[in-house]
Amino acid sequence: MNGTTADLATQQQALLAALLGEMGDAKKIANYVHLVRGGGLKAYRTNGHAAAERALRAAYPVVTQLLGDESLAGLARALWHAHPPHQGDLACWGEDLADFMSRSAQLASEPYLSDLARLEWAVHRAACAPDAEPDWPSLALLSTHPFEVLRLRLAPGLRVVRSAWPVVSLCLAHTEAGATPEALARVGGKLRVAVAESAVVWRQGWRPCLREADAAEADLLSAVLAGASLAEALGAAPALDVAAWLPDVVRSGILLGVCAMEGA
Amino acid sequence: MSAPAYGEARPCVGLGWRQPHYQALMSSRPALDFLEVHSENFFGEGGAARAVLLQGRAHYPISLHGVGLSLGSALGVDPVHLRQLADLVKRVDPMLVSDHASFARGLWRDQVVHAADLLPLPFTDEALAVLCRNVQTVQEALQRPMAVENLSAYLQWQAQDWTEPEFLAELCRRTGCGLVLDVNNLYVNARNQQLAGEGSDPLAACLDWLAALPTQAVAEIHLAGHTVVVDDEGGSMVIDDHGSQVIEPVWQLYRAAVSRWGAVPTLIEWDTAVPALDVLLDEVRRARAVALDVLEAVT
């Protein structure tokens with residue numbers, strides 16, 4: 001099939017294969033385009049790699065710091081070809097990085113990086129979650145309705161990330177103002193003995209936030225995210241000190257209110 | 001979409017509003033006729049980015065310029081992308097919605113991918129039909145006309161039934177869409193043809209292109225800088241990186257465009273190595289001065 005008879009879909013697939021596939025895939029496209037020393041294809045491939053690197057730097061600032069510029073660039077190129085975008089908003093691309101790193105032989109000596117990436121992805125997506133206002137009067141439902149028909153209303157974009165590694169300490173030591181050599185040394189110590197940490201990620205106002213969640217809080221929030229009633233969520237986290245927890249999550253914007261479940 | 005400002009005497013010049021200047025521009029609120037943003041950067045349903053855009057909208061008209069609709073895709077337009085754009089348009093009520101005469105969406109290894117680039121289309125009957133169908137889909141979803149931009153293209157398809165200006169004019173005629181005329185893109189293409197030994201005078205080639213554009217539907221003019229890169233083998237190529245000042249031949253093309261189409265809204269684009277806001281505002285002032293000079297000469 002030559003350039004004058006191929007249909008548009010075939011032409012477009014050939015160009016995509018030339019850009020996203022191995023260099024050998026570039027041979028087919030020569031049937032359809034005028035190539036000038038191959039520079040055009042190279043320009044588009046370079047554009048793609050630059051876009052991949054920008055996207056990962058934006059979504060994964062701590063992973064970027066830990067890997068260094070050169071390694072991040074190589075990783076971005078590899079991920080681009082292994083898991084190219086499926087949609088036109090590049091802010092949505094890069095979620096596969098965590099799994100990709102966990103399968104990488106080169107990164108096997110740093111097994112915590114993939115969990116750190118999962119945490120940073122949750123922060124990245126929380127940044128553009130829908131806006132929501134708190135509804136404090138709704139907390140009165142706690143004293144008027146049985147917990148079986150109530151559900152906690154959490155901040156949009158809230159996620160729980162569980163890890164066998166100290167990913168919260170690692171992330172905060174590289175992102176918080178005032179990160180010190182002492183803080184980094186403490187993180188190093190936790191990494192050496194594999195201190196497990198879970199994180200809660202949410203947005204307070206415009207600011208994405210994260211902090212460590214203990215096991216009971218992580219269990220409760222996970223249950224709520226899965227659609228549990230308040231009674232079921234509390235049942236999933238019997239060790240949670242609700243009287244101490246409630247004011248904290250109200251103050252921090254993790255909890256925005258309470259709602260009665262449909263049919264209640 | 002506002003009616004293109006054909007024949008109006010007052011220049012209308014806006015600026016591409018990028019993240020490094022979100023705060024500075026809101027603090028100083030310089031005299032600009034509009035702000036242009038990349039639609040996809042504001043697709044998130046909430047958060048700081050969209051709040052910033054709505055703050056800008058309170059003070060300036062907004063031109064929503066997309067880079068990801070993939071209007072020329074044989075697979076059609078991504079319905080999710082279109083829904084996000086429609087939601088943004090509803091919130092912002094922009095002066096113009098635009099994207100490119102390009103594709104990025106297609107099948108690769110049996111899955112739908114998006115190459116996140118502005119890949120050229122063959123100027124064929126089939127590509128024109130696909131482009132028209134997709135533009136109509138978008139216009140129906142948005143309930144307003146849109147505008148489509150000519151590309152800087154780093155490769156050319158062998159198959160061709162139309163010249164580029166005829167292809168774009170026919171697109172406008174069939175769909176009622178407008179044209180975003182990027183005169184820097186014209187120059188980049190002509191320079192690359194020159195570097196490939198296929199043309200001797202890029203400015204003359206661009207003027208011929210403009211003369212051959214049989215349409216009045218120019219809705220916005222784009223001005224930007226470009227860069228010449230040299231590859232490992234010593235070959236040169238001009239890259240449309242929007243990372244420097246508009247060069248003199250492109251200003252000449254702008255003069256030619258204004259003399260033909262009048263005070264069309266004009267955008268200064270600067271997307272990489274974004275300089276201080278004052279540098280951008282100097283480019284805006286120059287565009288105004290050039291347009292005013294031309295408009296006064298023809299009236």
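Every number in this text was worked out from the coordinates using simple rules, so none of it is lab data. Since the model is a prediction, treat every value here as computed from it, not as a measurement. Virtual Cβ from ideal backbone geometry, glycine too; neighbours counted across all protein chains shown.
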Can you give me the angle between helix A:69-82 and the longest principal axis of chain A, using Cα atoms only, in degrees from 0 to 90, rounded to the nearest 10? 80
Suppose we keep just the alpha-carbon trace of segment B:183-299; what are its Rg and Dmax in angstrom? 14.9, 51
In µm²/s, what is D for segment A:136-260 at 10 °C and 1.306 mPa s, where D = kT/(6 pi eta Rh) by Stokes-Einstein and Rh is the Kirkwood radius from Cα pairs? 102
Exposure proxy order (Cβ contacts within 10 Å, fewest to most) of A:Leu255, B:Leu203, B:Leu181, B:Leu155: B:Leu203, B:Leu155, A:Leu255, B:Leu181
Mean-square fluctuation check for chain A, GNM, Cα pairs under 10 Å: which of A:Leu191, A:Leu90, A:Leu16 is largest? A:Leu16
Taking the 0 to 90 degree range and rounding to the nearest ten, how far is the long axis of helix A:242-252 tilted relative to the main principal axis of chain A, both from C-alpha atoms? 50
Of B:Leu295, B:Phe34, B:Ala204, which is farthest on the positive side of the dipole of chain B, counting Cα position, with +1 on Lys and Arg Cβ, -1 on Asp and Glu Cβ, and the Cα centre as origin? B:Phe34
What number in nm² do you get for segment B:13-298 if you take the convex hull of its Cα atoms and divide its surface by four? 15.6
Taking the Cα centre of segment A:136-260 as origin, sum charge times position over the Cβ atoms of Lys and Arg (+1) and Asp and Glu (-1), and report the length of that vector in debye to the nearest 20. 380
Average partner chain C-beta neighbours within 10 Å, per residue of B:65-77? 2
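Beyond 18 Å, how much of the Cα-Cα pair distribution for segment B:124-210 remains, as a whole percent?
Numbers: 1829 of 3741 pairs.
Percent of Cα pairs beyond 18 Å in segment B:124-210: 49.
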Which residue, A:Ala213, A:Ala50, A:Ala127, has the most motion in a Gaussian network model of chain A that connects Cα atoms within less than 10 Å? A:Ala50
Measure off 7 Å from each Cα along the Cα-to-Cβ vector at B:Arg285 and B:Arg173, then give the distance between these two points in nanometres to one decimal. 4.4
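Would you list B:Arg174, B:Arg10 from fewest to most Cβ contacts within 10 Å?
Working: B:Arg174 15, B:Arg10 12.
The most exposed by this proxy come first: B:Arg10, B:Arg174.
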Which whole number gives the average, over all residues in B:147-157, of C-beta atoms from other chains lying within 10 Å of the residue C-beta? 4
Taking a ≥ b ≥ c as the square roots of the Cα gyration tensor eigenvalues, with a/c under 1.5 meaning rounded and otherwise prolate when a/b beats b/c or oblate if not, segment B:193-255 comes out oblate
Potential extension, B:Asp125-B:Leu107 segment - 0.36 nm per residue separation minus Cα distance: 4.4 nm
When the expected Rg is taken as 2.2 N^0.38 Å, what fraction or multiple of it is the alpha-carbon Rg of segment A:8-118? 1.18
First measure r as the distance between the Cβ atoms of A:Trp136 and B:Gln19, then evaluate 1/(1 + (r/R0)^6) with R0 = 41 Å and state the FRET efficiency to the nearest 0.05. 0.75
Rounded to the nearest 20 Debye, what is the dipole magnitude of segment B:40-187 about its Cα centre when Lys and Arg each give +1 and Asp and Glu each give -1 at the C-beta? 540
Enclosed volume per residue, in Å³, of the convex hull spanned by Cα atoms of segment B:82-147: 106
State the answer as a single residue: which of B:Leu131, B:Val13, B:Leu151 lies farthest towards the positive end of the charge dipole of chain B, with beta carbon charges of +1 for Lys and Arg and -1 for Asp and Glu, about the Cα centre. B:Val13
Tail weight of P(r) past 27 Å, computed on alpha-carbon pairs of chain A, percent: 51
In degrees rounded to 10, the 0-90 angle between helix A:8-20 Cα long axis and the longest Cα principal axis of chain A is 80
If the chain between B:Thr272 and B:Asp293 were fully stretched, how many nm would it gain, using 0.36 nm times the residue separation less the Cα-Cα distance? 4.6 nm
Cut-off 19 Å, label 7 Å out along Cα→Cβ of B:Ala141, residues of segment A:68-103 by amide N: A:85-93
If the convex hull is drawn through the Cα atoms of segment A:70-191, its volume per residue in Å³: 194
Relative contact order of chain B, pairs being alpha-carbon contacts under 8 Å that are 6 or more residues apart, as %: 20
Out of every Cα-Cα pair in segment B:1-92, what percent are more than 18 Å apart? 50
Give a quick list of GluC sites (Glu not before Pro) in segment A:133-205 that DSSP marks as loop, anything other than H, G, I, E or B, with at most 16 other Cβ atoms within 10 Å. A:Glu176
Simple spin-label model, 7 Å along Cα-to-Cβ: B:Asp208 to B:Ser259 in nm? 1.9
Could you give the dipole magnitude of segment B:13-298 about its Cα centre, charging the beta-carbon of Lys and Arg +1 and that of Asp and Glu -1, in debye to the nearest 20? 1060
Any chance you could get the radius of gyration and Dmax over the Cα atoms of the protein assembly as shown, in Å? 26.3, 83
Report the label-to-label distance for A:Arg103 and B:Asp232 in nanometres (one decimal), using points 7 Å from each Cα along the Cα→Cβ vector. 2.7
